[in-house]
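Taken together, the values in this text are just the output of simple stated rules run on the coordinates, not laboratory data. Everything quoted here is computed from the prediction, not taken from an experiment. Here the Cβ is made from the backbone with ideal geometry for all residues, glycine too, and neighbour counts use every protein chain on show.
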Amino acid sequence: MTEALFNIFVFPGFLFVAVFGLTAEYVDRKLYALMQNRIGPPWFQPLADFIKLSAKEDVVPQNADALVFKMMPIVAITSILTAFLYMPMWGSKALFAFKGDLVVVIYLLTVPTLTYFLGGWYSRSVYSMIGAARSLTQLFAYEIPLFLSILAPAMLADTWSLSEMSVYFSTHPWAILCNLLGFVIAIIALLGKLEKVPFDIPEAETEIVAGAFTEYGGRLLAIFRLAIDMELVVGASLLAAVFLPFGLGYGPAAGFALYLVKVLFIIGLISLARTIVARLRIDQMINFCWKVVAPLAFLQFIADLIIKGATR
Amino acid sequence: MPEREVKLTIGPQHPMLKEPESFLLTLRGEKITDMTVRLGYNHRGIEKACEQRTYIQDMYLVERVCGICSHSHSTCFIQAVEEIAGLQVPKRGLYIRTLISELERIHSHLLWLGVAGHEIGFGTLLMYTWRDRELVMDILALISGNRVNYGMNTIGGVRRDITAEQIPQILSAIDTLEERTKYYIQVGTQEITLRERLSGVGKLSREDATHLGAVGPTARASGVNRDVRRDDPYAVYGELSFNVITDEHSDVYGRTLVRVGELMESYKLVRQILKQMPDGPVVVKAPRKIPAGQAVSRYEAPRGEDVHYVKANGSDKPERVKVRAPTLANVQVVAHMLKDGYLADTPIVIAAIDPCFSCTDRAIATTNIDNGRTDRMDWPTLRKYGIDWYSKQGIDFAELNRKLRTMRESN
């Protein structure tokens, strides 16, 4: 019982992911700033923002559905935390693992976007509603490429379990190289999921203020922002587990250090991507995802099918 | 998004806007079907204030019409005053005026490039251009002592001379800026997302640009070959050689190309000015009282043609000053460019005319055509309206006024 509570609240649960998420936000912001010729925030800035927001009053708009409005940040953070429990961190085995955990993780990572939609929609403000509608429109554009790109290595390893996948890839190291295209696609889709430039359309500041989060403030916004930071960590961990499953046989300590390096590397790639491009329009984003990214994801899938047939 | 119309107000307070202004958009999904602009949040009554102050005071006031093109307005005003007074400004003074105006154009266009980047979510472009803009700001501070309101102009010339030591510093900064601008041209023409976001957005045909009276880079990007510097040369532009940049894209991308092209021309002009600048005095003594008369002065500000009208009556104060800032000429085309566009393009289309709303703002008086009633109020009516409004809210000023009176009397 104590161990379970420790796992949920301290490691690898809430406390660890929260600290890691805030660190990830710091790394992202600092890299972004350095690449833009700025100094960037000090290391405690994300934590300071969190504390400042938490100290503020919660305001629920008069027209909003108060229950949904207050529930959504908590639902978002819970689903992300749950997804993290299935991430392998210090080797090929996660804390909780079963056959098919990959599908559960992907499912749990879709829930936050739905909470942004519901939270925004039930705020009953024009900006929030447009932002909410955009989140959902965007969801349909990036989810398919993301699923396909993660499905390809899973199919190659012939399993739905993250742990078994990493076991397969450590015995067949060459197979990692087959999925480089999938890795790029997954990074693009992750940018869409995390609503970062060029896909920060749902919260385009200069158009619709803060999108779905316009009416949020105080503790509720703090929780939402923490959830987004954690989503960054969980998304990067998922990609690290699926696409970079090397160096797993050196014991827990080295494995954990390597895991951190991999996640930070993926966060670095995300910062780089958002430094060098402008925000797309929603129609351009959907065109790009369906006409370029999704066919490429199919290509990756077919390539893996052929490789699998050839090596059998 | 359900296919019904949504009314979205942008402004007067909105992250898109740098100044208070209100745009009411009617949306069908992400498409804009209608738009109305409401001016008047930032009216400061500068024209009226000018009539109550002397010419010297007005010069400082007019310089504060706009925070970015401060030199444009003060030069435009002073040109009109000098014309009425019949003053011959020394050549060196005119050269220094022209130098400042070109440096101002450089800083304004770099600022615009950054704002455009910000509006389309390209933060890096904003950070880079504004970093480089510091170079030209430093040069302006070196020459005039100020970064924004230079205070260089005076009636009959300029207040400060340029020393020989300053010239190499200016030239080296211009060289660096030219190098960086070439890089931005490369980014602008090769970065795919940037080009995607700017091309085909905010279309304005040549006919519409002429018909709606667009000025400056907005008009030139639609192929209207018009520039006061060449068509009606003031200061020393008649002695300098430069190209007027035009473009046939007729969209925001074209406006970007025109502005970066003008940056390159401005670097050329600054070098020419420093090379050709003659020696001599920079200012002639001007009379305190300006003889009766009137004059219109035109000036090519970074945002387009600026027009000032001054009427003098022989005293030390002008009888009437009228400012037609370039944004006033351009603001009409915004509604036209936004029609049938996307909501996502609104910020960049509005930003593409490089608006300066506080320069433009007018006091607006409407008259109801049905009953002929105006919304104008005289001072006693406004006072009464205010008191009634607050008493309806449950705030009574009668008690406070009585207290204030007793306090004053006891003192």
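What the table shows:
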quantity: Neighbourhood charge, 10 Å Cβ-Cβ cut-off, centred on B:Val283 and excluding it, Lys, Arg +1 and Asp, Glu -1; calculated: +3
quantity: Computed over region B:202-296, Kirkwood Rh from alpha-carbon pairs, angstrom; calculated: 15.8
quantity: Above-threshold pairs, the threshold being 22 Å between Cα atoms, out of A:Lys30/A:Lys262; B:Lys91/B:Lys285; A:Lys196/A:Lys262; B:Lys18/B:Lys322; A:Lys291/B:Lys339; A:Lys30/B:Lys182; calculated: B:Lys18/B:Lys322; A:Lys291/B:Lys339; A:Lys30/B:Lys182
quantity: Positive-end residue of A:Ala254, B:Leu61, A:Trp43, charge dipole of the protein assembly as shown with Cβ unit charges; calculated: B:Leu61
quantity: Alpha-carbon Rg with Dmax, taken over region B:46-326, Å; calculated: 19.0, 60
quantity: Axial C-alpha extent at least 18 Å, average Kyte-Doolittle at least -0.5 - helices from chain B (DSSP); calculated: B:70-85, B:91-119, B:123-144, B:166-190, B:252-276, B:326-338
quantity: Alpha-carbon centroids, region B:78-100 and region B:166-192: separation in whole Å; calculated: 30
quantity: Rg ratio (alpha-carbon, reference 2.2 N^0.38 Å) - region A:105-200; calculated: 1.31
quantity: Over region A:2-311, volume per residue of the alpha carbon convex hull, in Å³; calculated: 131
quantity: Percent of Cα-Cα distances greater than 38 Å, calculated over the protein assembly as shown; calculated: 50
quantity: Neighbouring partner chain Cβ atoms per residue of A:270-280, average, 10 Å criterion; calculated: 5
quantity: Between 0 and 90°, nearest 10: helix A:218-243 axis offset from chain A longest Cα axis; calculated: 10
quantity: Cα gyration tensor, region B:29-154 - rounded (a/c under 1.5), prolate or oblate; calculated: oblate
quantity: Principal axes of region B:50-92: Cα extent on each, largest first, Å; calculated: 28, 25, 12
quantity: Helix A:126-157 axis, angle to chain A major axis (alpha carbon atoms, nearest 10°); calculated: 10
quantity: GNM result for chain A, Cα springs below 10 Å: residue of A:Ala33, A:Ala18, A:Ala222 fluctuating most strongly; calculated: A:Ala33
quantity: Per-peptide average of other Cβ atoms within 10 Å, ordering B:63-69, B:255-261 highest first; calculated: B:255-261, B:63-69
quantity: Given charges at beta-carbon only (K, R positive; D, E negative), |dipole| of the protein assembly as shown in Debye; calculated: 1200
quantity: Helix-only mean residue ellipticity at 222 nm for the protein assembly as shown, each DSSP H run of n ≥ 4 adding -39500 (n - 2.57), per residue, nearest 500; calculated: -19000 deg cm²/dmol
quantity: Distance from region A:253-312 to region B:299-334 (C-alpha centre basis), Å; calculated: 55
quantity: Three-way shape call for region A:3-127 based on the alpha-carbon gyration tensor, with the a/c threshold at 1.5; calculated: oblate
quantity: Relative contact order [Cα under 8 Å, 6+ residues apart], region B:283-338, whole percent; calculated: 29
quantity: Highest average packing first - B:277-283, B:312-318, Cβ atoms within 10 Å; calculated: B:312-318, B:277-283
